Each structure stands twice: as C-alpha cells, then as structure tokens.
Amino acid sequence: MTLLDSMDEATAHSLLAIPAEQRNAVDEEAFRRMIVIERKRTERSGKPFLLMLLEAGNHQGSEKNEKALKKMLSALLTSTRETDVIGWYKESTTIGAVFTGLVADEKNSILTTILNRVSTMLRDMLTFEQFSQVRISLHFFPDDWDHDSSGRPSDEVLYPDLPSRNNKQQPLLVVKRAMDIIGSSLALIVGGPLFVVIAFLIKASSKGPVFFRQQRVGQHGQCFTFLKFRSMYIDNDPSAHREYVTKLIAGHAVCESSNGKAVYKLTNDKRITRIGRFLRRTSLDELPQFLNVLWGDMSLVGPRPAIPYEVATYKIWHRRRVLGVKPGITGLWQVNGRNRVKFDEMVRLDMQYARVQSPWVDLKILMRTPGAVLRGAY
C-alpha cells in the first residue's frame, strides 16, 4: 500500500509500490531541479503537488541521525508511487518527497492523509528517541498567498531556484546591493534641490501630502511601503484602476491613445492633478523611490513593484515576477516597450531579467533608461 492509496479509486489503480533495491534516491541538485520542473508543470496544468521534508534530529551528521535517515529513506522508496520523487532536499540532512498529480479540491484531505501515514510508518520503524526528534513539514503548491496590507512571504522552500538562495549568485547580489546604495545615495544628494521644487509645486497645486504612500508587493511576496510624489487628488476612488488592472492581467484590456501612442494604461484619468500629469509623463513622480532603494525594499533595476490587488488576480506563473528579484525603479519592461506591451509580455521580460541579472546587465538598463523616459515624455 502506498501513502496515497486512499485518495480515490481511479488514482489507486495507478500507484505502484517499487522495491527499494529498484529505486534510488536522487541527489540534492537533481531533487531541487525536479521541484522546479513540477512547479512549472503545475503552472501549465493546474494540478498541484506536495513537497514533504523530513529531518532526523538536531545533531546533523551524527551516526544516529544517519541511521534514522537511511531507514526513513528506504521506507519512503518502498511506500510511494513510481510518479513520486524521493531524494535529498539537503544532502544527508533533509529528505524530500514530491507527491505529484494531486487534486486541488482535496488539499486538506491530502495533507492529513500524508501526515498521518508518514507519522505511523516512522513510529513503527524508529526508536522512541529517534521518532521524537523527527521533524516533518508539508509544502503545497500552488501555495496560498495573503494579500492584506501586512503581506506574507511565499513559501521559499518551494522555490529552490530563487537567486537569493543560489550560492553562485551571492557575490553578484552583494555587488548589486552596493550599486543600489551608491546609486540611490548619489541620486538623493544630487536631486535634493529638485525634490524641494517638486514638493512646493505639489503643495501649491492641490491639498494633501507631498508623498503618496502605498503598500506594494516586494521580493518573496513581502509587502513594503512604496513612495512616490503625489500626482492625484486626495480621497480618490481606486476602483477604476483596480478594474482596469484586472482586465489587463486577464488579457482583456483595450489599448488607449496617449500622446499619439497606443498604450496599456488608463488615460484621461480625472483623479490626476495638473502638475501630476507632468510628473507622470516625465517620471519625476518616481524620484522618492530612491529612498525605497536605499532602505533595501527595492533595487535600481528590477520588476515594477506590484499592488496587492494586482497579485490577487495573478495566474500561478505570473507570481514568479515578484519572487526572483527585488522590484526596481527601472527594468527590462521600462526600456523595452513600457506600457506598449501586454501584461504577459511584461511578466516574461521580468522573468528574463531574473535569469540574466548581473551588474553589467543593470548598467546597460540604467544607461537605456533616460532615453526610454524621454520617449515616454514626448
């Protein structure tokens, strides 16, 4: 009998118990690669999978732990389906099991069944001392996201391919952060007088604060307070923008005309002040984001920071744009079409940047940004 035999009769006929000597545990690199493959498969098919992690105790590398892990690994290899993946999430310390082809509507039932059966199996094969130290964690994909104002980091365990978890990319991330600190500091120092002028114009043209603050979704799904110069009248109704964004993400938005160009954005928005139109057209409203960069919530280069109600309507594969890298002031989307490309194409550009990001790529994007801003302004 396999761990999922009781889920439904049709599935049960496809489950095969494979003798341990005929199955091998995959190594850490291969196992993590399989998680990425299964995640992309779920994005296409909608069929979820479950990642289970097991640790034997607090004394990693001890002889007792190694014996317990080998017992656990052998048991999983003989009690899971041929379609499931068993291996090392962390070599010799954490066992991983990926259960595939699950039913989304049966999430709670699946989690309960797996946990109960694994616990019973381990209790029968391990000593009391060994069993008492076993730690089991279950990670279901697609993972649930909260979209309230506090935000919630996504389950990073399901994303072993994130740049922040890749040791090879750590030196590049350090250089990127150094560029962010130096670049944002210089921009704030040099742009100080311009900040004062813009603040005066905003206060003189309409009632309300100089800065616009809004919750945005950053890296790993964590929300942060996003800053811009206020370009709208206060107490406005965001429902029109929410409705347009929903249509845009679904691919149903209609191109509108702005300065003789067809763009995917709201035009003739009555919520925007006269000075606000100028600030938006020239991208000067985005200058306060250098503070977000200095604080570490954003980067000079990265995806456009998303609004929580945007993320709530994302397809599963869209989520990757807010996971791989920090949001940025500029990025591939901004220099390659900006509002003239559809949402899906914007997401693909963001994911392309996450794959190829480097200090040299950032410099090239930063050098192209002034030209993109001028083309948008005129």
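Among the residues of segment 343-360, some residue qualifies, meaning at least one is more than 17 Å from the chain's Cα centre (by Cα) and touching a residue at least 12 places away in the same chain (Cβ under 8 Å). Any chance segment 119-134 includes a residue that's part of a helix (DSSP H, G or I), of a type outside the set (Ser, Thr, Tyr), farther than 28 Å from Arg320 by Cα and touching a strand residue (DSSP E or B) at 6+ places or on another chain (Cβ under 7 Å)? No; the residues of segment 119-134 include none that is part of a helix (DSSP H, G or I), of a type outside the set (Ser, Thr, Tyr), farther than 28 Å from Arg320 by Cα and touching a strand residue (DSSP E or B) at 6+ places or on another chain (Cβ under 7 Å). Is one or more of the residues making up segment 107-117 in a loop (DSSP other than H, G, I, E, B) and modelled with pLDDT of 90 or more? Looking through segment 107-117, none of the residues is in a loop (DSSP other than H, G, I, E, B) and modelled with pLDDT of 90 or more.
Residue-wise test of (1) closer than 30 Å to Asp143 by Cα; (2) open to solvent by 30 Å² or more (accessible area, probe 1.4 Å); (3) polar (S, T, N, Q).
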| position | (1), (2), (3) |
| --- | --- |
| Ser185 | no, yes, yes |
| Ile189 | no, yes, no |
| Val197 | no, yes, no |
| Leu201 | no, yes, no |
| Ser205 | no, yes, yes |
| Phe212 | no, yes, no |
| Val217 | yes, no, no |
| Tyr233 | no, yes, no |
| His241 | yes, yes, no |
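Could you tell me whether segment 32-45 includes any residue that is of a type in the set (Lys, Arg), modelled with pLDDT under 90 and under 27 Å from Ile316 (Cα atoms)? Taking every residue of segment 32-45 in turn, at least one turns out to be of a type in the set (Lys, Arg), modelled with pLDDT under 90 and under 27 Å from Ile316 (Cα atoms). Taken over segment 226-279, the criterion of being among the aliphatic types (A, V, I, L, M), part of a strand (DSSP E or B) and at pLDDT 90 or above is satisfied by Leu227, Met232, Ile272. The residues of segment 322-355 that are in a loop (DSSP other than H, G, I, E, B), over 17 Å from Gly251 (Cβ atoms) and open to solvent by less than 20 Å² (accessible area, probe 1.4 Å), listed by number, are Leu323, Gly324, Val325, Pro327, Gly331. Scan segment 293-304 and give yes if some residue there is in a helix (DSSP H, G or I) and open to solvent by 30 Å² or more (accessible area, probe 1.4 Å), otherwise no. Checked segment 293-304: at least one residue is in a helix (DSSP H, G or I) and open to solvent by 30 Å² or more (accessible area, probe 1.4 Å).
In the condition set (1) modelled with pLDDT under 90; (2) assigned to a helix (DSSP H, G or I); (3) surrounded by 13 or more Cβ atoms within 10 Å (Cβ to Cβ), Gly101 is compliant with all but (2). Show the residue pairs that are 6+ apart or on different chains and have beta-carbon atoms under 8 Å apart, the first residue being within segment 278-294 and farther than 18 Å from Arg177 by Cα, the second being of a type in the set (Asp, Glu). Pairs that qualify, where the first residue is farther than 18 Å from Arg177 by Cα and the partner is of a type in the set (Asp, Glu), are Leu279/Asp285. Counting only residues that are assigned to a loop (DSSP other than H, G, I, E, B) and open to solvent by 20 Å² or more (accessible area, probe 1.4 Å), segment 64-98 holds 5 of them.
Scanning segment 170-201 for residues that are in contact (Cβ under 8 Å) with a residue 40 or more places away in the chain and either over 15 Å from Gly328 (Cα atoms) or polar (S, T, N, Q) (or both) returns Leu172, Val175, Ser184, Ser185, Leu188, Gly191, Leu194, Phe195, Ile198, Leu201.
The values are calculated or read from the model by the stated rules, or taken from the named source; none is laboratory data. None of the values given here were measured: they were computed from a predicted structure. As a convention, Cβ positions derive from the backbone with ideal geometry for all residues, glycine included, and neighbour counts pool all protein chains shown. The accessibility values were calculated without ligands, DNA or RNA, using every heavy atom of the protein model including side chains. Shrake-Rupley method; radii C 1.70, N 1.55, O 1.52, S 1.80 Å.
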